[in-house]
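Novice: Sharing a structure, written as structure tokens. Questions coming.
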Amino acid sequence: MPNTLSEWLEYQQQTHPNSIELGLARVREVWQRMGSPRAAAEIITVGGTNGKGSTVAMLDTMLRASGYRVGTYTSPHLIRYNERIRIQGEEAGDAALVAAFERIEQARAGLPLTYFEFGTLAALDLLARAQLDVAVLEVGLGGRLDAINIVDADIAVVTTVDLDHMDWLGPDRDSIGREKAGIARAGRPLIIGDHLPPQGLLQAAAETGAEVWRIDTDFGVQAGPDDWDWWSADRSLASLPTPALAAPVQRDNAATAIAALHARDRRRPEARPWVQPEALAEALRTVRIQARLQRLDIDSPGPEVYLDVAHNPQAAASLARWLQQTVAAPVQAVYGALADKDVAGVFAALGDHIEHWHLVGLDPWTPRGLPAAALAEALRRASPQAGYTIHPDLATAVAAARQAAALRDEPLVLAMGSFYIAGEMLKLYASAR
């Protein structure tokens with residue numbers, strides 16, 4: 001049996017022939033053998049195409065600011081596997097993870113599990129042992145057949161729906177929306193943060209019998225120049241601070257998180273409320289999550305570097321809106337992508353805002369990585385006039401982008417496109433903030 005965390009993670013990648021195997025039968029069987037541990041007294045699941053990580057971070061920060069004991073499960077990680085499971089904001093330790101994996105191994109008794117299923121069961125096990133008030137669980141892929149969906153959550157959230165993981169979830173937003181609606185439960189709130197939700201999502205939610213809350217219909221944002229108001233049919237919160245997370249879309253994520261808290265308070269009026277306005281305001285001022293328009297501290301003079309995990313057209317469009325509001329001229333971009341991503345859509349969304357693309361292949365890091373030459377070919381097809389340079393590694397690409405930005409008097413460099421890019425950037429610049 002493996003001994004260290006790294007040995008366990010390597011072992012897990014060998015116990016199942018596929019890295020992804022959607023379906024609940026195997027993981028539910030092992031979970032039940034473990035005693036069906038419930039992650040917390042109350043559980044929120046968060047699915048969607050983009051905005052999941054930010055919404056989890058906001059829910060975690062808001063609830064802890066209100067005095068609740070909270071645990072979270074997210075994926076993927078950026079630097080350390082331990083990031084995936086946090087209790088009161090602290091990463092799970094190696095010893096705790098190893099112990100959880102040992103319990104899972106004993107319970108599975110040879111039943112194959114994927115790497116992600118191991119991690120999900122470890123999260124449920126460790127969170128259950130932490131005696132939490134609330135667990136916030138991010139859905140990995142889709143919803144209906146994702147391992148997290150063995151849990152019956154008290155509240156489900158779908159942040160946005162866009163084209164991603166189409167080989168697994170379907171060819172259009174309706175199909176993908178149906179899959180994501182699979183985390184909803186009859187009679188329980190489903191919070192939808194997408195301004196134009198696909199009919200597939202709404203129809204599937206109605207078929208489930210969930211209590212649907214839609215942004216712009218059942219709750220929403222009234223934006224001001226320096227603050228904003230949150231509203232619903234029966235409550236409003238005025239003069240909330242702009243979230244510390246930079247992108248304009250973060251107000252929508254914050255509003256969606258608050259709607260989840262308010263929906264719970266309406267369902268359980270006898271319980272201590274989750275919506276505590278002063279705590280919410282403090283949480284919005286202090287919430288942090290890495291690689292979401294994160295400014296890096298680079299110990300050398302030159303243009304600033306921002307890091308973002310935008311890896312599909314919807315996320316790229318959000319990034320383009322931020323650039324339009326923040327900088328007056330096109331910027332230098334460092335970009336790498338996985339082979340299954342719509343890179344043409346990313347190029348189209350950001351094209352007018354990028355002066356020059358510095359391309360990095362992800363194939364040295366993962367079999368799913370797109371080589372730089374293939375990325376360049378996709379750029380030539382999408383935007384024949386776009387300037388680009390292929391670089392042998394990330395450090396070289398960032399250095400070249402910063403040098404070019406300095407020569408052109410451009411204000412910043414944008415590193416983007418993948419959690420692999422983000423993780424390597426954070427390793428390169430350990431003082432990131």
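Novice: Quick one: in the stretch 167-196, of everything that is in a helix (DSSP H, G or I) and touching a residue at least 40 places away in the same chain (Cβ under 8 Å), which residue is surrounded by the most Cβ atoms within 10 Å (Cβ to Cβ)? Break it down into steps so the answer makes sense when it comes.
Specialist: Pass one, the stretch 167-196, residues in a helix (DSSP H, G or I): 167-169, 173-183.
Those still in the list that are touching a residue at least 40 places away in the same chain (Cβ under 8 Å) too: 167-168, 176, 180, 182-183.
Working: 167: 8, 168: 15, 176: 26, 180: 34, 182: 21, 183: 29.
If we take residues in the stretch 167-196 being in a helix (DSSP H, G or I) and touching a residue at least 40 places away in the same chain (Cβ under 8 Å), then 180 is surrounded by the most Cβ atoms within 10 Å (Cβ to Cβ).
Novice: From 53, 89, 23, grab the single residue that is of a type in the set (Gly, Ala, Ser), within 23 Å of the chain's Cα centre (by Cα) and surrounded by 15 or more Cβ atoms within 10 Å (Cβ to Cβ). Before the answer, list the steps.
Specialist: Working: 89 fails: surrounded by 15 or more Cβ atoms within 10 Å (Cβ to Cβ); 23 fails: surrounded by 15 or more Cβ atoms within 10 Å (Cβ to Cβ).
The conditions single out 53.
Novice: Being within 19 Å of the chain's Cα centre (by Cα) and either at negative phi or of a type in the set (A, V, I, L, M, F, W, C) (or both) narrows it down to one of 109, 130, 135, so name that one. Spell out the reasoning first.
Specialist: Values: 109 fails: within 19 Å of the chain's Cα centre (by Cα); 130 fails: within 19 Å of the chain's Cα centre (by Cα).
Testing whether each residue is within 19 Å of the chain's Cα centre (by Cα) and either at negative phi or of a type in the set (A, V, I, L, M, F, W, C) (or both) leaves just 135.
Novice: What number goes with the only condition from (1) among the hydrophobic types (A, V, I, L, M, F, W, C); (2) outside the structural domain of residue 350 (by TED's automatic domain parsing); (3) surrounded by 15 or more Cβ atoms within 10 Å (Cβ to Cβ) that residue 333 does not pass?
Specialist: With (1) among the hydrophobic types (A, V, I, L, M, F, W, C); (2) outside the structural domain of residue 350 (by TED's automatic domain parsing); (3) surrounded by 15 or more Cβ atoms within 10 Å (Cβ to Cβ) applied to residue 333, the lone miss is (2).
Novice: Looking at the stretch 246-292, which of its residues are within 22 Å of residue 50 (Cα to Cα) and either aromatic (Phe, Trp, Tyr) or surrounded by fewer than 22 Cβ atoms within 10 Å (Cβ to Cβ) (or both)?
Specialist: Of everything in the stretch 246-292, those that are within 22 Å of residue 50 (Cα to Cα) and either aromatic (Phe, Trp, Tyr) or surrounded by fewer than 22 Cβ atoms within 10 Å (Cβ to Cβ) (or both) turn out to be 246, 248, 251, 285, 286, 288, 289, 290.
Novice: Just the residues that are loosely packed, with under 14 Cβ neighbours inside 10 Å and of a type in the set (A, V, I, L, M, F, W, C), please, taken from the stretch 299-330.
Specialist: Residues satisfying the conditions are 328, 329.
Novice: Taking the stated definitions as given, is residue 251 assigned to a strand (DSSP E or B), in contact with a strand residue (DSSP E or B) (Cβ under 8 Å, 6 or more places away or on another chain), under 20 Å from residue 315 (Cα atoms) and not acidic (Asp, Glu)?
Specialist: On the way: assigned to a strand (DSSP E or B): no; in contact with a strand residue (DSSP E or B) (Cβ under 8 Å, 6 or more places away or on another chain): yes; under 20 Å from residue 315 (Cα atoms): yes; not acidic (Asp, Glu): yes.
For residue 251, the condition - assigned to a strand (DSSP E or B), in contact with a strand residue (DSSP E or B) (Cβ under 8 Å, 6 or more places away or on another chain), under 20 Å from residue 315 (Cα atoms) and not acidic (Asp, Glu) - is not met.
Novice: Within the set of pairs 6+ apart or on separate chains, which have a first residue in the stretch 212-226 that is in the same structural domain as residue 160 (by TED's automatic domain parsing), a second that is surrounded by fewer than 18 Cβ atoms within 10 Å (Cβ to Cβ) and of a type in the set (D, E, K, R), and C-beta atoms under 6 Å apart?
Specialist: That search, which allows pairs on different chains as well, returns 222/229.
Novice: Could you look through the stretch 201-245, keep only residues that are under 22 Å from the mean Cα position of the chain (by Cα) and in a loop (DSSP other than H, G, I, E, B), and pick out the one that is surrounded by the most Cβ atoms within 10 Å (Cβ to Cβ)?
Specialist: Looking at residues that are under 22 Å from the mean Cα position of the chain (by Cα) and in a loop (DSSP other than H, G, I, E, B), I get 243.
Novice: Regarding residue 145, is this residue assigned to a loop (DSSP other than H, G, I, E, B) and either touching a residue at least 60 places away in the same chain (Cβ under 8 Å) or of a type in the set (Asp, Glu) (or both)?
Specialist: Numbers: assigned to a loop (DSSP other than H, G, I, E, B): yes; either touching a residue at least 60 places away in the same chain (Cβ under 8 Å) or of a type in the set (Asp, Glu) (or both): yes.
Yes.
Novice: So which residues in the stretch 357-375 are within 14 Å of residue 335 (Cα to Cα) and out of contact with any Phe, Trp or Tyr (no Cβ under 6 Å at 6 or more places or on another chain), if there are any at all?
Specialist: Within the stretch 357-375, 358, 360, 361, 363, 369, 370, 371, 372, 373, 374, 375 meet the criteria.
Novice: Given (1) more than 18 Å from residue 47 (Cβ to Cβ); (2) crowded, with 18+ Cβ neighbours inside 10 Å, where does residue 82 come up short, assuming only one miss?
Specialist: (2)
Novice: Say whether the condition of being touching a residue at least 60 places away in the same chain (Cβ under 8 Å) and in contact with a strand residue (DSSP E or B) (Cβ under 6 Å, 6 or more places away or on another chain) is met by at least one residue in the stretch 364-373. Before the answer, list the steps.
Specialist: Narrowing the stretch 364-373 to residues touching a residue at least 60 places away in the same chain (Cβ under 8 Å): none.
No, there is no match, as no residue in the stretch 364-373 is touching a residue at least 60 places away in the same chain (Cβ under 8 Å) and in contact with a strand residue (DSSP E or B) (Cβ under 6 Å, 6 or more places away or on another chain).
Novice: With respect to residue 259, is the statement that it is within 21 Å of the chain's Cα centre (by Cα) and either at pLDDT 95 or above or part of a helix (DSSP H, G or I) (or both) true?
Specialist: Details: within 21 Å of the chain's Cα centre (by Cα): yes; either at pLDDT 95 or above or part of a helix (DSSP H, G or I) (or both): yes.
Yes.
Novice: A further question follows. Out of 163, 137, 141, I need the residue that is buried (at least 23 other Cβ atoms within 10 Å of the Cβ) and in the same structural domain as residue 70 (by TED's automatic domain parsing). Which one? Step through it out loud before you land on a result.
Specialist: Working: 163 fails: buried (at least 23 other Cβ atoms within 10 Å of the Cβ); 141 fails: buried (at least 23 other Cβ atoms within 10 Å of the Cβ).
The match here is 137.
Novice: Being in the same structural domain as residue 14 (by TED's automatic domain parsing), assigned to a loop (DSSP other than H, G, I, E, B), closer than 17 Å to residue 38 by Cα and polar (S, T, N, Q), is that true of even one residue in the stretch 105-124? Walk me through it before giving the result.
Specialist: Step one: list which residues in the stretch 105-124 are in the same structural domain as residue 14 (by TED's automatic domain parsing), which gives 105-124.
From the residues that got through so far, the ones that are assigned to a loop (DSSP other than H, G, I, E, B) too are 109-114.
Subsequent filtering for residues that are closer than 17 Å to residue 38 by Cα retains none.
Looking for residues that are in the same structural domain as residue 14 (by TED's automatic domain parsing), assigned to a loop (DSSP other than H, G, I, E, B), closer than 17 Å to residue 38 by Cα and polar (S, T, N, Q), one finds none in the stretch 105-124, hence no.
The values are calculated or read from the model by the stated rules, or taken from the named source; none is laboratory data. Remember, predicted model here, so these are calculated numbers, not experimental data. Reconstructed Cβ throughout: ideal geometry from the backbone, glycine too, with neighbour counts over all protein chains shown.
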